Amino acid sequence: MKRVYFDYAATTPLDKEVLEKMIPYFSEKFGNPSSIYSEGREARKVIDEARQKVANSINANANEIFFTGGGTEADNWALKGVAFANKNKGNHIITTVIEHHAVLHTCEYLEKHGFEVTYLKVDEYGLIDIEELKTLIKDTTILISIMFANNEIGTVQPIKEIGQIAKEKNIYFHTDAVQALGNVPIDVRDLKVDLLSISAHKIYGPKGIGALYVRKGVKVDNLVHGGAQERKKRAGTENTPAVVGFGEACYLAVTDLLKRNQKTEELRDYLIKSILSTVPNVQLNGHPTKRLPGNANISFEFIEGESLLLSLDLVGISASSGSACTSGSLDPSHVLLAIGLIHEIAHGSLRVTLGKNTNKEEIDYLLEQLPPIVQRLRDMSPLYIQGGK
Amino acid sequence: MKRVYFDYAATTPLDKEVLEKMIPYFSEKFGNPSSIYSEGREARKVIDEARQKVANSINANANEIFFTGGGTEADNWALKGVAFANKNKGNHIITTVIEHHAVLHTCEYLEKHGFEVTYLKVDEYGLIDIEELKTLIKDTTILISIMFANNEIGTVQPIKEIGQIAKEKNIYFHTDAVQALGNVPIDVRDLKVDLLSISAHKIYGPKGIGALYVRKGVKVDNLVHGGAQERKKRAGTENTPAVVGFGEACYLAVTDLLKRNQKTEELRDYLIKSILSTVPNVQLNGHPTKRLPGNANISFEFIEGESLLLSLDLVGISASSGSACTSGSLDPSHVLLAIGLIHEIAHGSLRVTLGKNTNKEEIDYLLEQLPPIVQRLRDMSPLYIQGGK
Amino acid sequence: MYTDKVMEYFQNPKNVGEIKAADGVGEVGSPACGDIMRMYLEIEDNIIKDVKFKTFGCGAAVATSSMATEMIKGKTIEEAEKITNKMVVSELGGLPQEKIHCSVLAEQAIRAAIKDYKSKQENN
Amino acid sequence: MYTDKVMEYFQNPKNVGEIKAADGVGEVGSPACGDIMRMYLEIEDNIIKDVKFKTFGCGAAVATSSMATEMIKGKTIEEAEKITNKMVVSELGGLPQEKIHCSVLAEQAIRAAIKDYKSKQENN
Ligand SMILES: Cc1ncc(COP(=O)(O)O)c(C=O)c1O
Ligand SMILES: Cc1ncc(COP(=O)(O)O)c(C=O)c1O
C-alpha cells in the first residue's frame, strides 16, 4: 500500500541531498576534529563551515552557535544554564503553559532546585497576552522562555514584542524555535533573542543533533561537562557527519522559504476548509492565521484520537493526535487543554502536518479516507447521537 | 600520500557494514519511534532490537540500557544522576585522578553543588590501590566512579575487585567503559557494576550516540528532561539510525573479541619493543601487561609532542600526544602527570593506538619514519645533548 | 505495539451497536480519561443471548470491548461474571503495558451491565 | 589550524643550531609549560651578523623561532629590539588564538639574547 506521511512536525525524512553530504564523514573522513593531523583538521574545517550555515539561517554569528544532541538538550541547556549562572541576580523564570515538555519538565526540575516559575496562560488560539507578560515580570525575573511556534497547534507567538520587553527589562529571552526553523523566517538580531533552540531532524536534517544559539555575552553554565569541544561550552566528541548534515539542512531550510510556505499554506488551507465543510462537529485548533504554514489541528467530536490514527494508518496515512492514549497517560495534550478544550474534544484531535513535498494528491487521499473513518468511529461511540450532540 | 591512522582511541571509522544497516533509517524508514503508525512502529522495533544487542555486549538486560548522545553524556548522567538522587544518603564520591574529563569536570561541578569528591591517586603504571580505596570509603560515600580502561595509557583497572567492595559496602559503582568496550570482555553481572558508560564511535559505530547501563533498581535522577523517551529516563527524539548502528557495532565489537585482541596485542608488542630497542631515551607509559590491546604510549625525552605529531602527519601518520600544546593549555596530560612523569617528559609523549584493521606494514612504516623524526626534533631541542642528558 | 489479533478486533469489531430494550446496560469510564464503554445485554433464562457495545476510546479499548462481548455471548451470567481483564488480554494475545487499564474497563463494563440486569430483576 | 607558511617554517626551519662562541645567548620558557627557546647571536659593529636557535616546543614555537631569526638577521640591535611578537605572527600569516603565547616567547628570546650581549659588553 502506498503510504502518505502527514507528521512532518514529529520528524522529517533526511533529505537525500543532505545525506549525500554526510556520507563521506562516516567512514572515510572520520577523524576527530580535536586532532591536529590532517583527518582531524579536515573535520574541523567542515564543522566550521556547517556552523556558519547554521548561523546564517538565523542571522547569528558562527561563534554564537553551539551544537547539542538535539532540540531537547538545547532547551535543557538554555534553561538550566541561564538559571544556575544567574541565580545571584534572581530566581524567577517566566514561561508558558503550552511549551514542549523539554521546557516544561526542565522548569519543574528548576522548581525543585530553588527557582520560581510562572506559567503564562494562553488564549483560545494559543497566544500569550503581551500585557499579562509585562505584569508578571518581577525584580527577580532572570529569564523568559517562550516558544516560537507550538508543535501541536502551530500557533506562532509575537516573538519580536517579547524580545523588546525582555531587552527593556534586561532579562534574558530564550525561545524554543524547534518548530519554527524552516517554517518562519528567523532573525535573532531583529527579534532580540538571547538564546534559541533548534533541531535538525525537524528540517530534513539528521536526528540526534540540534543547536543552541547563545548571543555573545550571555551568561550560561555548561550542561554537559567534559572535553574542550564547542569552545569549552559543550563536551563530547563532535558528530561530524551530523553537523555537516545540519549545516546543509539549515541552508536548504531557509532557501526559498517564502515561496515554499506559500505553496504549503495553500494546501493546508484547502485541507482545513474541506474538512470543516464536509465533516460535521469538527473544530480547528490554534490560530486561524498566526500559525505554522504546514500545521492543521482539528478536533472531531465524539471520537478518540488513537482510534482515528490507527484507522488512518490502516489506509496508509500517518498523522498524530493530542490524545493521551498514545502515551499511556490519561490526560490529553496539555496544549489542547490550555486553549480551553474539554477533555473529550481534546482526545479527539488530529494533527496533520505537511512537508515540503506534500502534494494535492496526498491531501485529496486524506480527504477521501477521513470522513468515512470518522463516521465509523462515531457510530461506535457512546457519546455520539446521530445529527449532533 | 598514503595515510596511516594510529588514533583509534580518539575515534574510529564507521564500519561499512554498520553504515549499510543504518542507511534505510535516514530517509526511508525515518519515522518517529514514539508514533503509533507503521513508520513509527517499525522504528520502535529496530530500536528494541538494537537495545538488545547493546545489552548482550555487556551481559545486561535490554531494559537496563538507556541511549544517550555519547559517552560524555553517559558519564555526566551517571555521576550527576546518582549524586542528586541519593544525596539524602550522603554526599561523598570517590573517583580517580586519571578519569576522562567527562568524569573529572563533572566531579568539579558536583563539588560546587555540595558534594565531596575524593580523587584516588594511581601508581606509576596508572593502577589504583584497592586497599587505599577501602580506607577512603566513609559513611557518606554514595558513589565510586572508576574508569574501566584509561584512554591515554591504556591501563585496565581491577574492576571486579572494586565492584566487590562497592557491593559489600552498599555503594553504587559506576565505570566509564568507553575505552574498554570491544577491547576487554565486559560482564556487568560478574563485575557487579551498577552503572557503565559506553560510546559507539570508539567501536566503529556512529558518532553522537552512547549509552548508560543502569542496573535495575539503581536510583538515578534524569539529566535531560522532556519527552517520555527511553522509558521516561532520557528525553529527546530517538536517533534511530544511530541506535541501529550502535547495536550492530556492539554486536561486532564482542564477536571474536579474544581472537582479534591476540592479533592486536602481537602487533602492539612488536611496535613497543622495536621503538624501545631502536630509539634511545624513551620509556613506555602505562602498565606492561594490564593494558588495552591496541594501546602504546611512549615518551621521547627532549622533544615536544605536538611537533612530533605534526612531523608524523607530514609523512602521513596520524597519532596523538599527551602534550598540552594541542589543547592550548600549558599543562600536559593530567594522566601522565598522575603516573609521575615530569613535565618535559609528559610533553614528549606519543600515543599510538591500533585498530582492528591495523597491519604489520603500517607498523613498519611508523617504525621507519619515527626514529629520524625524533632525531631531527632532538637536534633542534635545547634540552638535548648528544648521547643523552 | 498491538498484536495482529488486537488490530483485527479493532478493525473488525464484533457486536458493535445497541440493543434497544436491553435487559441490562452498563457504562464505565469517563470522557476525561479518554475511554468510555457501554455494554448492552439481552438475557434469557440466565443466558446471555445477545450483547452489543459502544466504545469511545483507543484501539485497545475497542478491541477489548469486542473480545469481551464475544467471550460472554451464550454464557450464563455466572460464567460471564468470572471473565477477568486478564482473560480478555490473553485472548487478544497481550496488550502493551500502558494499555492494560483499558482491558479493566471491559471487565467492569460486563459487571456493570449484569448488575444493572440484576437490579432490574429485583425491582420487577 | 596552522597556515601553510607556519607549516613551511615548521618543516624547514631556518637558522637551527648553535653558535659556539656567541656574543649573546638568551633562553626563555620552561620545560614545565612545554616551550623553551634558546637564541644565539653573533654581533659585529652593532649588526646581527648571524643568529641561530634551538627550540623545544610545538609547531608554533618552532615556526616563530625560525621566523624571528630571519627577521633580525642583518639588522642593527636597535632594529631587532623593535621586533614584536605581533610582527612575527603577521609575517607567518597568523596563528591560532591559543598559540599566540608561543610568539611572545620568540620576542622574549631575542630581547634576552640582546640583553646578554649588552651585559657582556659592559663587563668587557
Ligand atoms: C517545540 C519543540 N521543542 C523541542 C523538541 C525536542 O526536539 P528533539 O526531538 O530534537 O529533542 C520538539 C520536538 O520533539 C519540539 O517540537
Ligand atoms: C574514557 C573516555 N570516557 C569518555 C569519553 C567521551 O566519549 P564521547 O566522545 O562519546 O562523548 C571518551 C572519549 O572521548 C573516553 O575515552
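Determine, yes or no, whether A:Thr106 is without any contact (Cβ under 8 Å) to a residue 40 or more places away in the chain, within 16 Å of ligand 1 (Cβ to nearest atom) and surrounded by 23 or more Cβ atoms within 10 Å (Cβ to Cβ). Yes; evaluated as a whole, the condition is true for this residue. Just give me the residues in region D:31-56 being surrounded by 20 or more Cβ atoms within 10 Å (Cβ to Cβ), over 11 Å from the mean Cα position of the chain (by Cα) and more than 14 Å from chain B (Cβ to nearest Cβ), in sequence order. Passing the criteria: D:Ile43, D:Ile48. In region B:1-22, the residues that are farther than 22 Å from A:Ser38 by Cβ reach residues that are within 16 Å of ligand 1 (Cβ to nearest atom) with C-beta atoms within less than 7 angstrom, at least six apart or across chains, in these pairs: B:Met22/B:Pro241. Hey, among the residues in region A:228-252 that are within 16 Å of ligand 2 (Cβ to nearest atom), among the small types (Gly, Ala, Ser) and surrounded by 21 or more Cβ atoms within 10 Å (Cβ to Cβ), which one's nearest to A:Ala83 (Cα to Cα)? That would be A:Ala235. Taken as a whole, the condition of being among the hydroxyl-bearing types (Ser, Thr, Tyr) and buried (at least 23 other Cβ atoms within 10 Å of the Cβ) applies to C:Ser103.
State whether the residues of region B:294-312 include one that is assigned to a loop (DSSP other than H, G, I, E, B) and under 25 Å from B:Pro13 (Cβ atoms). Scanning region B:294-312, I find at least one residue that is assigned to a loop (DSSP other than H, G, I, E, B) and under 25 Å from B:Pro13 (Cβ atoms), so the answer is yes.
Test B:Thr264 against the criterion of being polar (S, T, N, Q) and within 16 Å of ligand 1 (Cβ to nearest atom), and give yes or no.
So B:Thr264 does not fit the description; no.
Would you confirm whether or not region A:21-34 contains a residue that is more than 22 Å from B:Leu14 (Cα to Cα) and more than 8 Å from chain B (Cβ to nearest Cβ)? Checked region A:21-34: no residue is more than 22 Å from B:Leu14 (Cα to Cα) and more than 8 Å from chain B (Cβ to nearest Cβ). Note on region B:291-311: among residues that are closer than 15 Å to B:Gly348 by Cβ and away from chain D (no Cβ under 12 Å), the one that is surrounded by the fewest Cβ atoms within 10 Å (Cβ to Cβ) is B:Ile298.
Applying the criterion of at least 1 residues that are free of Cβ contacts under 8 Å to residues at least 24 places away in the same chain and not small (Gly, Ala, Ser) to the helices (runs of 4 or more DSSP H) found wholly in region A:183-270 leaves A:229-232.
Could you tell me which of the residues C:Thr69, C:Thr3 is within 28 Å of A:Ile373 (Cα to Cα), among the β-branched types (Val, Ile, Thr) and in contact with a strand residue (DSSP E or B) (Cβ under 7 Å, 6 or more places away or on another chain)? Walk me through it before giving the result.
Working: C:Thr3 fails: in contact with a strand residue (DSSP E or B) (Cβ under 7 Å, 6 or more places away or on another chain).
Sole residue among the options that is within 28 Å of A:Ile373 (Cα to Cα), among the β-branched types (Val, Ile, Thr) and in contact with a strand residue (DSSP E or B) (Cβ under 7 Å, 6 or more places away or on another chain): C:Thr69.
When we screen A:Thr95, A:Thr72 for residues that are among the β-branched types (Val, Ile, Thr) and free of Cβ contacts under 8 Å to residues at least 60 places away in the same chain, the only hit is A:Thr95. On the stretch given as region A:46-96, residues that are more than 16 Å from ligand 2 (Cβ to nearest atom), of a type in the set (D, E, K, R) and buried (at least 19 other Cβ atoms within 10 Å of the Cβ) total 5.
Residues considered: A:Ala242, A:Ala235, A:Ala228, A:Ala249. Of these, the only one that is within 16 Å of ligand 1 (Cβ to nearest atom), out of contact with any Leu (no Cβ under 6 Å at 6 or more places or on another chain) and at the interface with chain B (Cβ under 9 Å from one of its Cβ atoms) is A:Ala242.
Out of A:Thr175, A:Thr155, A:Thr255, one residue alone is more than 16 Å from ligand 2 (Cβ to nearest atom), among the β-branched types (Val, Ile, Thr), at pLDDT 95 or above and touching a His at 6+ places or on another chain (Cβ under 7 Å). It is A:Thr155. Do we have B:Leu212 as among the hydrophobic types (A, V, I, L, M, F, W, C), at the interface with chain A (Cβ under 9 Å from one of its Cβ atoms) and out of contact with any Cys (no Cβ under 7 Å at 6 or more places or on another chain) here? No; evaluated as a whole, the condition is false for this residue. The single condition among (1) surrounded by 16 or more Cβ atoms within 10 Å (Cβ to Cβ); (2) assigned to a loop (DSSP other than H, G, I, E, B) that C:Ala21 does not meet is (1).
When every residue of region C:69-92 is checked against the conditions, none turns out to be assigned to a helix (DSSP H, G or I) and at the interface with another protein chain (Cβ under 10 Å from one of its Cβ atoms). So A:Asp123 clears everything in (1) under 22 Å from the mean Cα position of the chain (by Cα); (2) surrounded by fewer than 20 Cβ atoms within 10 Å (Cβ to Cβ); (3) within 11 Å of another protein chain (Cβ to nearest Cβ) except one condition, right? Which one? Just one mismatch for A:Asp123, condition (3).
Does B:Tyr5 satisfy the criteria of being within 16 Å of ligand 1 (Cβ to nearest atom), at pLDDT 95 or above, buried (at least 21 other Cβ atoms within 10 Å of the Cβ) and at the interface with chain A (Cβ under 10 Å from one of its Cβ atoms)? So B:Tyr5 fails the test. Taking the criterion of being touching a residue at least 40 places away in the same chain (Cβ under 8 Å), within 14 Å of chain C (Cβ to nearest Cβ) and either surrounded by fewer than 16 Cβ atoms within 10 Å (Cβ to Cβ) or not hydrophobic (A, V, I, L, M, F, W, C) (or both), the residues of region A:335-368 that qualify are A:Glu344, A:His347, A:Gly348, A:Ser349. Of B:Gly340, B:Gly348, B:Gly322, B:Gly328, all but one fail to be small (Gly, Ala, Ser) and modelled with pLDDT of 95 or more; the exception is B:Gly340.
Among the residues making up region B:50-75, a single one is away from every other protein chain (no Cβ under 14 Å), of a type outside the set (Lys, Arg) and touching a Gly at 6+ places or on another chain (Cβ under 6 Å): B:Val54.
Against the test of being within 16 Å of ligand 1 (Cβ to nearest atom) and in a helix (DSSP H, G or I), the options B:Ala78, B:Ala55, B:Ala43 yield a single qualifying residue, B:Ala43.
The values are calculated or read from the model by the stated rules, or taken from the named source; none is laboratory data. As the structure is a prediction and not an experimental result, all values here were calculated from the model. All Cβ positions, even for glycine, are placed from backbone atoms using ideal geometry, and neighbour counts span all protein chains on display.
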